[in-house]
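What follows is a set of notes on a single structure, which appears directly below.
Bear in mind that the values in this text are calculations on the coordinates, not laboratory data. For clarity, every value in this text was computed on a predicted model and none was experimentally measured. When we count neighbours, we look across all protein chains shown, and the Cβ atoms used for this are built from the backbone with ideal geometry, even at glycine.
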């Protein structure tokens, strides 16, 4: 293959020359053979698209941070983050990865709040349809094999992310970790449930389970948490099963 003349710019260098001013808000240069007005409009369009994504994906954060911080976050993201996807609906996850690296100038609670808001969005936008799953919603959760919804996500936080808003900004982290389950029910409504460590452990057992009945899962839980006697565990476990079932976090039992 014949080599390009030395004075001809490679495609990579052309792309770099074109995108560098786009990624830097303080760079007012315009690439060669480019109309300055059109380039300025294009540059503003990129910022507006990222800003719209931010407002839609992280509405609570957008409502509580100062405009100066929002501007810094957005321009920093555009200027420095190397996204691993070109799909716009995956940009919120890229933004979350970026925020994890910028905690030195963010409020201490903000990354966890961003993770919580992204988790709600991820569950909401999941392509999974519960109608594609087979389960018996009238079966006994104690004697049958409980089926966990595929549309749930558990996370543990040090900050009360579910309460943060314009009227409440925490000054210090929680004493005990906060366990939250984000879920999408059969009506496609997204919600959350604050749970304790015991319930979180039970949900993990259900998600990994293929053959054990609800009773057997509670017996396993007794072995993992020996401080709770079997009778108390069975009673509390049955109540937990019913609560999770009422929210579609547990869908029912496996069909025979």
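Observations, loosely collected:
- Ascending count of other beta-carbon atoms within 10 Å, so fewest first, for 105, 116: 105, 116
- Using C-alpha pairs below 8 Å separated by at least 6 residues, the relative contact order for region 98-210 is 27 percent.
- Exposure proxy for 235, 216: other Cβ atoms within 10 Å of each Cβ, ordered fewest to most, give 235, 216.
- Rounded if a/c under 1.5, otherwise prolate or oblate - region 130-253, Cα gyration tensor axes: oblate
- Of the residues 44, 102, 55, the one with the fewest other Cβ atoms within 10 Å heads the list, and the complete ranking is 44, 55, 102.
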